[in-house]
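**Q** This is the structure I have questions about; it appears just below.
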Amino acid sequence: MNRVLPVSWTESEGRAHVGGLALADIAARFGTPLVVIDQRHLENRLARFRAAFGPATGLTYAGKAFLCGALVRLLARDGWLVDVVSGGELELVRRAGFSMENVILHGNAKSAAELERAIAYGVGRIVIDHPDEVNDLRRAAAAVGAGHRPDLLVRLNVDLTPETHEKVRTVGPGTHFGMSPAVAASVARRIAGAGEWCLAGVHIHAGSQIRDPALFSRVAAAAVDFVAPLRLCFPETVELDLGGGLAAPYRVGEEVPSPRRYAEALMAGLHRSGAEARLGAYRLIVEPGRSVIANAGLTLYTIHARKPLDGAGEALAVDGGLSDNPRPSLYGASYEVLNVSRASGEADRTFRVVGRHCESGDVVAPSAALPGDTEVGDVLAIPGTGAYVFAMSSRYNGVGRPAVVFVRDGAAREVVRRETDDDLLACDLSLGGPGAARGARPVSAAAVRPSRAR
Ligand SMILES: Cc1ncc(COP(=O)(O)O)c(C=O)c1O
């Protein structure tokens, strides 16, 4: 269980603690569903990546895994970059005071407004996903009229089939990210030939939840093979942004490579493909997301009902589910479940733990072993839910998104508050509340401009 749980997890007097606080007390204080982040675990992960990769690598946190202002400040403190994929993520990072120079903007369908905003804010790098984007950028730069030009990377789709869930595979047959080497090469020549933008390097993100280090070596080699014949298109030090994808352990017994093993695999790929000799100076960038934050986090739910299921055991219905964690429905994601109100109880019965939403697929865990005396009011913890959970949450069934609490050394800090009914209704202009007044305020044409058609 150790690898799945946050580092500060302890059990005493029948209660589970994280960050020196009893989880049942945290749930009572902040309510449930609640995302709890063990700050020490998070800081340890950031440090382990830095130790594995050294000071020269551009360690970039993939913001899509989970973003909030408190996290962004930690990343800035520890010298990380951040990758964002939307105007909303960019805005969050900017308002957290993060240096825009250290932001990488990704996205396979960036709007004109997003490109303009990125240029106006001075983001450091933009990753070009498709050939027309060069013209989109030119238009955006003209609209903004800014002198600043972000560096560009071209996103490559290479012929690899990573062993992972097909929905999180982002290279190879049937995927729609980036460009084939031939198309990317022509785009690279076009950018370099025009001389308007600095073509800083190449980007490949093969997919997520990748357990096989050999895949990372192949990604590194593919980047070198792409850049080498085009070397003159890039600056003296070319950037090799090799994406993220390192797996996180979700279930007991799941083995995943360490940050060090991940770094070694990438280095081995670079070495084997002759990066030094063929490219000269290069800088490595990596973009881990889930492997940084997944196991720092857990979700707390309160049991609202226990009931027999016709011929299928018993169900425990909790106060969240699909709206705060769509991963079980999307990918059949499987998690451990712990009763933190009875941490010392023997897990002698299995339950189907279900969410509160109106779909039979809203199952948090189809078969969770828990103490038989588990009852309504107990608090369940789902570890491994720091990544792609809060970030993917929705307002389905009018259930507000959960709060997020950072815990460390006996203190809990609410870093994202729970959504209220007013938050939920704030955009409904017909309801006449405070949000409606906000919505009715005149806004500038620029703020409402739709994505420009190509
Ligand atoms: C471009 C890019 N970089 C990095 C990541 C992070 O992946 P992971 O969270 O699996 O490390 C993703 C995930 O989708 C991505 O699309």
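Rule-based calculations on the coordinates, nothing more; no lab input. These numbers come from a predicted model, not from an experiment.
**Q** Excluding same-chain residues fewer than 8 positions from residue 64, which lysines have a Cα within less than 18 Å of its Cα?
**A** Counting by Cα, and skipping residues close in sequence, residue 64 has these lysines nearby: 110, 167.
**Q** To continue, here is another question. Quick one: compute the contact order of the chain, relative version, from alpha carbon pairs under 8 angstrom and 6+ residues apart, as a percent. Before the final figure, lay out the partial values.
**A** Working: 1001 pairs, mean separation 88.3, N = 454.
For the chain, the relative contact order is 19 percent.
**Q** Right, here's the next one. Name the helices (complete DSSP H segments) of the chain with a Cα length along the long axis of 27 Å or more and a Kyte-Doolittle mean of at least 1.6, or state none.
**A** The answer is none, since no helix passes both cut-offs.
**Q** Further, regarding this structure: Consider just the alpha-carbon atoms of the stretch 196-265 and return their Rg together with their Dmax, both in angstrom.
**A** Rg, Dmax (Cα atoms, Å): 14.8, 52.
**Q** From the C-alpha coordinates alone, can you work out the Kirkwood hydrodynamic radius of the stretch 151-193, in Å?
**A** Working: mean 1/r = 0.0885 Å⁻¹.
Result for the stretch 151-193, one decimal place: 11.3 Å.
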